[in-house]
Structure formats: structure tokens, C-alpha cells
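Colleague: Quick one: structure below, then a few questions.
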Amino acid sequence: MDLSLFFAGTAGSVPTARRGLPATLMRRGGDRLLFDCGEGTQRQLLRTVGLPDMQAVFLTHHHADHWLGLPGMLKSFELRDRQAPLTVYGPPGTVALMRAMRIVYGRLRYPFEVVDAVEYDGYEVAAFNVRHRGRAFGYAIVEEPRPGRFDAELATRLGVEFGPDFGRLQRGEVVNGVRPEQVVGPERPGRKLVLSGDTAPCEMLQVAAHEADVLVHEATFADEEHERALQTGHSTARQAAELAREADVRLLVLTHVSTRYAGGEIRDEARATFERTEVPRDFDSVEVPFVEKGEPELHRYDAERASA
């Protein structure tokens, strides 16, 4: 099943001519989950992948650059006669925030609710506390483990006929004296994506990101602004890279870049500590294959559009 992250906005605090405010769309099969919804998010999506009927929106915290695009998007869904339910998740206070914003988006005819935890078919989305100004969450998207590989050739040699008996073995039944563990390999891990939201370096994030396939970490500042990062509850590119190295992640993706940087200097600083680092621009995406099929890879939107 395909799994990817689409970066609709990668700026920090204020937009620039090239970067919109924070918003990341997770795509897994037919599921669409949006993490943060900065001002202008729906237009960023409409310009590129379209505005999908996403199942849920996850807010990392309540600073305006991370949610101000949500009321308008809710209203747009209403105006286009959305029928599918939509759920918003976030830190404590999200219910009160959405209640206050009701004056903006009005009455919604589609099912809409604000709740605290979620589990989907085949994976779960877990919130964890990070260290920012006020209560803030990061999110981990964790797939269920996959069954081990079935060795059809070995099963045949052991006298199991092709057909329903193969399925019985894979469901854990003994067939003609052949036990499942003889022909089915060890359980294989699913994939894990971790999004930090806004945060200073913290142990909870490092634990959550342990052996993640992709860690999307904020890098608001370069290391020269270390003190500024400490004062504002943000991270430097070097700090994010150090955490990625300690957590043994497969790919580090840096977002929430301050307007003072173009992006290349943030990437280079991080790569000096953790080589597998990318800094996406708006509309870029990261494809996340299973570990046996290759490494997570950044796809540049401009390059793919030029080759289309």
C-alpha cells in the first residue's frame, strides 16, 4: 500500500513568497490525514493535489500559524456539499478553539467532531507531548506489523497443495502435518512516520521517533541562532539532526523554516550530523516504501511537473 507525505506548507511563523504556513498531508491508500492547517492551506492543496475529503485534521498546537486555515477549509467543505464526516484532533483546548471559530465557519451539515485519540484500519495515530510554548503535541503514525513472507515453494515440497491450503497455513493452521512456522517467516514491521510539530529538543520526541522511517522535524533556526531557538521553544537544524541520529531514523525531513533562510543552509547544517536529511519546498512529497523495497525518497514537485 502506498504511503507518502505531501508538504503543502513548510514555512515557520509567517509565509514567504516561496513557502506557505505549516500543513502536511499524509496519503496512505485511500486515506488522507492533514497535520496542521496554516493560513492558505486549502489554496495550496487546490493548486496541486486538489482539496481531498480528508478523514481528519491533527493540530500540533494552537499558535495561529498552525490552524488559521482550518475555519475557511471547513466552510469550503460545506459549500461543496461534503457528506463524509470530518474529525479534528489536537491538544487540550481544541474543543474550545473550534467552538469559538464557529462564528467563522457557521453550521456544518456534514458530521463534524473534535476528539482526542484515533485508530484507523491497519494503523494508528498517537499523540505525544513535545516542548514548546504552551501545550503542544507531536504525532506518530504507526502501521500494524505485517505477516511474515510465505514460502510457497517450500510448502509445495512439504506436500501442501496450491490453493485453499496455502491460505490456511498463512492464517496459522496446521495443514497435512506442516506447521505455519515452517513456511512463514517472522513478522515484519509496518512503517512509522513521526511529525514533531513545533518543539525544542526533548526526550519524548526521541523516544517516539525511535527507528522511524521518516521523522518530520521542525528546524526554525540554524545553529548560529541557538539562543533564539532556546528562548522561543524551537529547534536548530543541528539539534534536529542530532535527535534523528540518536533515534536511528531512516530519513530526516526538516520543515518550519524561518524566513531568514532559503533552505540550503538548513539542509547543509543538518547533513553535517545526519546525512539522510532533506528540506522540502512547498508541494514536494516523500514516498515511504516498506524497508525491504528501498529507502524513503524526496520527490521535487517542480521536477516532476517539468517531466510530465
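Colleague: Quick one: in the range 247-271, which of the residues that are open to solvent by 30 Å² or more (accessible area, probe 1.4 Å) and not basic (K, R) is nearest to V14 (Cα to Cα)? Don't jump to the end; show me each part of the working.
Modeller: Keep residues of the range 247-271 that are open to solvent by 30 Å² or more (accessible area, probe 1.4 Å), which gives 248, 250, 259-260, 262, 265, 267-269, 271.
In the following step, the residues that additionally are not basic (K, R) were identified as 248, 259, 262, 265, 268-269.
On the way: D248: 31, T259: 7, A262: 14, E265: 19, D268: 23, E269: 22 Å.
Among those residues, the one meeting the criterion is T259.
Colleague: Please work out which one of (1) surrounded by 17 or more Cβ atoms within 10 Å (Cβ to Cβ); (2) assigned to a loop (DSSP other than H, G, I, E, B) is the condition I141 fails and give its number.
Modeller: Of everything listed in (1) surrounded by 17 or more Cβ atoms within 10 Å (Cβ to Cβ); (2) assigned to a loop (DSSP other than H, G, I, E, B), I141 misses just condition (2).
Colleague: Inspect the range 289-300 for any residue being in a strand (DSSP E or B) and in contact with a Gly (Cβ under 8 Å, 6 or more places away or on another chain) and give the result as yes or no. It would help to see each step written out before you state the result.
Modeller: Going residue by residue through the range 289-300, those that are in a strand (DSSP E or B) are 297-299.
From what's left, in contact with a Gly (Cβ under 8 Å, 6 or more places away or on another chain): none.
No, the range 289-300 has no match at all.
Colleague: Which one is nearest to G90 (Cα to Cα) among residues in the range 5-19 that are open to solvent by 10 Å² or more (accessible area, probe 1.4 Å) and either assigned to a strand (DSSP E or B) or touching a residue at least 60 places away in the same chain (Cβ under 8 Å) (or both)?
Modeller: Residues of the range 5-19 that are open to solvent by 10 Å² or more (accessible area, probe 1.4 Å), as a first pass: 13-19.
With the extra rule that they be either assigned to a strand (DSSP E or B) or touching a residue at least 60 places away in the same chain (Cβ under 8 Å) (or both), the set shrinks to 13-14, 16, 18-19.
Working: S13: 19, V14: 21, T16: 26, R18: 28, R19: 24 Å.
Within the range 5-19, the match that is nearest to G90 (Cα to Cα) is S13.
Colleague: Something else: Can you name the condition, by its number, that G172 falls short on among (1) buried (at least 18 other Cβ atoms within 10 Å of the Cβ); (2) outside any helix (DSSP H, G or I); (3) under 37 Å from the mean Cα position of the chain (by Cα)?
Modeller: Here G172 clears every test but (1).
Colleague: Please count how many residues of the range 107-128 are more than 16 Å from the chain's Cα centre (by Cα) and of a type outside the set (D, E, K, R).
Modeller: We begin by selecting, within the range 107-128, every residue more than 16 Å from the chain's Cα centre (by Cα); these are 107-116, 121.
So of that shortlist, the ones also of a type outside the set (D, E, K, R) come out as 108, 110-112, 114-115.
Final tally of qualifying residues: 6.
Colleague: Please go through the range 239-262 and pick out each residue that is free of Cβ contacts under 8 Å to residues at least 60 places away in the same chain and either part of a loop (DSSP other than H, G, I, E, B) or over 22 Å from D213 (Cβ atoms) (or both).
Modeller: Let us first name the residues in the range 239-262 that are free of Cβ contacts under 8 Å to residues at least 60 places away in the same chain, namely 239-252, 254, 260-262.
The answer is D248, V249, R250, R260, Y261, A262.
Colleague: For A212, are the conditions met, namely being assigned to a loop (DSSP other than H, G, I, E, B), at negative phi, open to solvent by less than 20 Å² (accessible area, probe 1.4 Å) and of a type in the set (A, V, I, L, M)? Please lay out each step first, then the result.
Modeller: On the way: assigned to a loop (DSSP other than H, G, I, E, B): yes; at negative phi: yes; open to solvent by less than 20 Å² (accessible area, probe 1.4 Å): yes; of a type in the set (A, V, I, L, M): yes.
The answer is yes for A212.
Colleague: Give V160, V125 a once-over and let me know the one that is in a strand (DSSP E or B) and buried (at least 16 other Cβ atoms within 10 Å of the Cβ). Spell out how you get there, then give the answer.
Modeller: Values: V160 fails: in a strand (DSSP E or B).
Being in a strand (DSSP E or B) and buried (at least 16 other Cβ atoms within 10 Å of the Cβ) holds for just one of V160, V125, which is V125.
Colleague: Inspect all residues belonging to the range 193-205 and state whether any of them is farther than 23 Å from A11 by Cα, modelled with pLDDT under 90, charged (D, E, K, R) and within 26 Å of the chain's Cα centre (by Cα). Steps first, please.
Modeller: Filtering the range 193-205 for residues farther than 23 Å from A11 by Cα gives 203-204.
Filter once more, keeping what is modelled with pLDDT under 90: none.
No, the range 193-205 contains no residue that is farther than 23 Å from A11 by Cα, modelled with pLDDT under 90, charged (D, E, K, R) and within 26 Å of the chain's Cα centre (by Cα).
Colleague: Let me ask something else about it. Restricting attention to helices (runs of 4 or more DSSP H) lying wholly within the range 26-122, give those where 1 or more residues are in contact (Cβ under 8 Å) with a residue 24 or more places away in the chain, open to solvent by less than 20 Å² (accessible area, probe 1.4 Å) and farther than 30 Å from K192 by Cβ. Talk me through it step by step, then tell me what you get.
Modeller: Values: elements: 41-46, 70-79, 94-100, 102-105.
Of the helices (runs of 4 or more DSSP H) lying wholly inside the range 26-122, those with at least 1 residues that are in contact (Cβ under 8 Å) with a residue 24 or more places away in the chain, open to solvent by less than 20 Å² (accessible area, probe 1.4 Å) and farther than 30 Å from K192 by Cβ span 70-79, 102-105.
Colleague: Would you confirm, using the coordinates I've provided, whether D282 is modelled with pLDDT of 95 or more and out of contact with any Asp or Glu (no Cβ under 6 Å at 6 or more places or on another chain)?
Modeller: On the way: modelled with pLDDT of 95 or more: yes; out of contact with any Asp or Glu (no Cβ under 6 Å at 6 or more places or on another chain): yes.
Spelling it out, D282 is indeed modelled with pLDDT of 95 or more and out of contact with any Asp or Glu (no Cβ under 6 Å at 6 or more places or on another chain).
Colleague: Name the residue, out of F274, F283, that is in contact (Cβ under 8 Å) with a residue 40 or more places away in the chain, open to solvent by 10 Å² or more (accessible area, probe 1.4 Å) and not β-branched (V, I, T).
Modeller: On the way: F274 fails: in contact (Cβ under 8 Å) with a residue 40 or more places away in the chain.
After applying the criteria, what remains is F283.
The values are calculated or read from the model by the stated rules, or taken from the named source; none is laboratory data. Source: prediction; values computed, not measured. All Cβ positions, even for glycine, are placed from backbone atoms using ideal geometry, and neighbour counts span all protein chains on display. These accessible areas exclude ligands, DNA and RNA; they are computed on the full protein's heavy atoms, side chains included. Shrake-Rupley method; radii C 1.70, N 1.55, O 1.52, S 1.80 Å.
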